[in-house]
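A.B. asks: Mind having a look at this structure? Questions to follow.
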Amino acid sequence: MLDFEAELIELLKDPNISRKDKISILWNMTQQLGVESEQGLYVLEYMSTLAPIELSNELISLFESASDRAKFGLLNVLETILLVNGEEAKVSALHLSEVKQQLLDVMSGQLVNVEDPALGFSILEAVVGHLPFEKAKLLIDDQFVISENKSNNVSNDVIRATKAGIYNRLALANPQSRTEFLPQYIQTLNNEPSQTMERESLRQDLFNIIRIDEFMNEAPHEFKQTVNAFLARDLPVMDIDSTEFDYDAVKLYSDLSIAMAKLSASAQRSSESIYTQQINAAKSPLEQAILISRSPYQLNELLTDEFTRARISSDLRAEAKRIGENSAYTDLLNDAASRL
């Protein structure tokens with residue numbers, strides 16, 4: 001199989017063979033090997049790099065009749081056609097639009113026929129970013145009903161959590177879905193206060209991608225604005241005089257404040273510099289203490305000026321003294337001060 005893959009790679013890299021001829025060669029190989037064979041699926045995988053819009057009718061016909069296993073391989077090729085632009089495909093915008101619409105209709109229509117729920121959700125992942133929000137949402141809900149019918153004795157909480165994860169995956173799947181699907185999904189969550197589990201699930205997935213500096217450096221301004229507004233609604237209000245320590249609120253404040261800072265920061269700023277900014281810009285000693293106590297970085301590297309560290313430490317101790325021993329947050333303030 002390694003020799004076979006090497007042959008495919010050599011073919012794709014060959015500058016003396018035109019794109020059209022490469023597609024023709026790979027398509028002939030696919031037909032000879034069959035899409036149900038392992039080698040046939042390998043050929044499809046490599047052919048997907050060429051986004052073969054010229055074969056859209058043939059690929060659609062195969063997709064409709066293939067097994068679920070083969071559909072996975074064909075799906076990769078069809079998805080590349082959905083993502084290609086007219087200039088890359090060397091066809092008119094009108095023709096490309098017609099081809100994409102045909103693909104979307106066929107792929108969406110196949111959802112009722114697939115036996116493997118994973119394939120159904122993979123098809124959704126491919127098409128949802130290209131559909132109007134309400135149609136995409138209806139497809140997701142219908143597919144989930146189909147999936148539920150094939151599962152027994154599953155609790156409502158598990159179903160909700162699984163469904164939320166699928167919505168998140170689809171909303172964040174690619175640049176187009178992040179531009180079109182995500183804002184409308186967020187609006188739905190904002191309008192339905194009862195969907196706390198779904199909101200928390202999306203928030204956690206957003207935290208995960210916001211931590212990736214390379215992603216954030218490339219993320220468009222509109223995405224950052226949309227996500228920032230979504231997260232801002234969840235900032236907790238903590239009562240510093242409370243006798244009960246709210247660990248969840250402390251953790252949430254820390255995670256939210258850092259995520260929102262990264263969303264607002266200019267490109268190419270390191271996570272460390274953003275964390276330092278948040279400590280210095282905190283609106284209260286308690287907020288500073290939370291960030292200091294939960295810092296993943298060495299504090300003497302974040303706050304390099306010893307006089308700044310001494311001033312913050314003094315402010316934290318003064319606040320701890322002011323609220324007294326009855327407050328649940330006194331120890332947090334003193335602990336943060338000692339770390340400086």
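A.B. asks: Does A328 satisfy the criteria of being among the small types (G, A, S) and without any contact (Cβ under 8 Å) to a residue 60 or more places away in the chain?
C.D. replies: Judged against the criteria, A328 is not a match.
A.B. asks: Same structure, new question: Within the stretch 123-132, can one find any residue that is in a helix (DSSP H, G or I) and open to solvent by 70 Å² or more (accessible area, probe 1.4 Å)?
C.D. replies: no
A.B. asks: Among the residues in the stretch 216-227, are any small (G, A, S), in a loop (DSSP other than H, G, I, E, B) and at pLDDT 85 or above?
C.D. replies: yes
A.B. asks: Among the residues of the stretch 277-293, is there at least one that is closer than 22 Å to Q204 by Cα, touching a Phe, Trp or Tyr at 6+ places or on another chain (Cβ under 8 Å) and touching a residue at least 40 places away in the same chain (Cβ under 8 Å)?
C.D. replies: Yes.
A.B. asks: Follow-up question, since we're still on this one. Being open to solvent by 40 Å² or more (accessible area, probe 1.4 Å), within 23 Å of R69 (Cα to Cα), assigned to a helix (DSSP H, G or I) and without any contact (Cβ under 8 Å) to a residue 24 or more places away in the chain is true for just one of Q32, Q39. Which residue is that?
C.D. replies: Q32
A.B. asks: Looking at the stretch 251-266, can you tell me whether even one residue there is part of a helix (DSSP H, G or I) and of a type in the set (V, I, T)?
C.D. replies: Checking the stretch 251-266: at least one residue is part of a helix (DSSP H, G or I) and of a type in the set (V, I, T).
A.B. asks: Quick one: in the stretch 151-182, which of the residues that are in contact with a Ser or Thr (Cβ under 7 Å, 6 or more places away or on another chain) and either β-branched (V, I, T) or surrounded by fewer than 19 Cβ atoms within 10 Å (Cβ to Cβ) (or both) is farthest from K224 (Cα to Cα)?
C.D. replies: A161
A.B. asks: Further question on the same structure: Only residues that are under 15 Å from G34 (Cα atoms) and either among the hydrophobic types (A, V, I, L, M, F, W, C) or open to solvent by 50 Å² or more (accessible area, probe 1.4 Å) (or both): list them for the stretch 65-76, please.
C.D. replies: Listed by number, the residues that qualify are S65, A66, R69, A70, F72, L74.
A.B. asks: Then there is this: Looking at (1) of a type in the set (D, E); (2) more than 31 Å from the chain's Cα centre (by Cα); (3) open to solvent by 70 Å² or more (accessible area, probe 1.4 Å), which is the one condition that is false for D14?
C.D. replies: Going through the list (1) of a type in the set (D, E); (2) more than 31 Å from the chain's Cα centre (by Cα); (3) open to solvent by 70 Å² or more (accessible area, probe 1.4 Å), D14 breaks only (3).
A.B. asks: Still on this structure, please answer the following. Which condition number in (1) in a helix (DSSP H, G or I); (2) at pLDDT below 85; (3) open to solvent by 50 Å² or more (accessible area, probe 1.4 Å); (4) among the aliphatic types (A, V, I, L, M) is the one that I274 fails?
C.D. replies: (3)
A.B. asks: Restricting to the stretch 190-202, what's the tally of residues that are buried (at least 19 other Cβ atoms within 10 Å of the Cβ) and either over 17 Å from A161 (Cβ atoms) or touching a residue at least 40 places away in the same chain (Cβ under 8 Å) (or both)?
C.D. replies: 1
A.B. asks: Further question on the same structure: From (1) at pLDDT below 90; (2) touching a Gly at 6+ places or on another chain (Cβ under 7 Å), pick out the condition that doesn't hold for R160.
C.D. replies: (2)
A.B. asks: If the Cβ limit is 6 Å and pairs must be 6+ apart or interchain, which residue in the stretch 94-116 that is open to solvent by 70 Å² or more (accessible area, probe 1.4 Å) pairs with which residue that is of a type in the set (D, E, K, R)?
C.D. replies: E115/D68
A.B. asks: Could I ask something else about it? Just to be sure, is Q288 modelled with pLDDT under 90, buried (at least 17 other Cβ atoms within 10 Å of the Cβ) and of a type outside the set (V, I, T)?
C.D. replies: no
The rows are residues; the columns are (1) at pLDDT below 80; (2) assigned to a loop (DSSP other than H, G, I, E, B).
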| site | (1), (2) |
| --- | --- |
| S151 | yes, yes |
| R169 | no, no |
| F181 | no, no |
| I186 | no, no |
| S194 | no, yes |
| Q204 | no, no |
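A.B. asks: Does L26 meet the test of being open to solvent by less than 20 Å² (accessible area, probe 1.4 Å), closer than 25 Å to L138 by Cα, in contact with a helix residue (DSSP H, G or I) (Cβ under 8 Å, 6 or more places away or on another chain) and modelled with pLDDT of 90 or more?
C.D. replies: no
A.B. asks: Here is a list of conditions, (1) more than 26 Å from the chain's Cα centre (by Cα); (2) of a type in the set (D, E); (3) farther than 21 Å from L12 by Cα, and E38 meets all of them except one; can you say which number that is?
C.D. replies: Among (1) more than 26 Å from the chain's Cα centre (by Cα); (2) of a type in the set (D, E); (3) farther than 21 Å from L12 by Cα, E38 violates only (3).
The values are calculated or read from the model by the stated rules, or taken from the named source; none is laboratory data. Quick caveat: nothing in here was measured; it's all calculated off a predicted structure. Backbone-built Cβ (ideal geometry, glycine too); neighbour counts: all protein chains shown. To get the accessible areas, we keep the full protein, side chains included, count just its heavy atoms, and leave off ligands, DNA and RNA. Shrake-Rupley method; radii C 1.70, N 1.55, O 1.52, S 1.80 Å.
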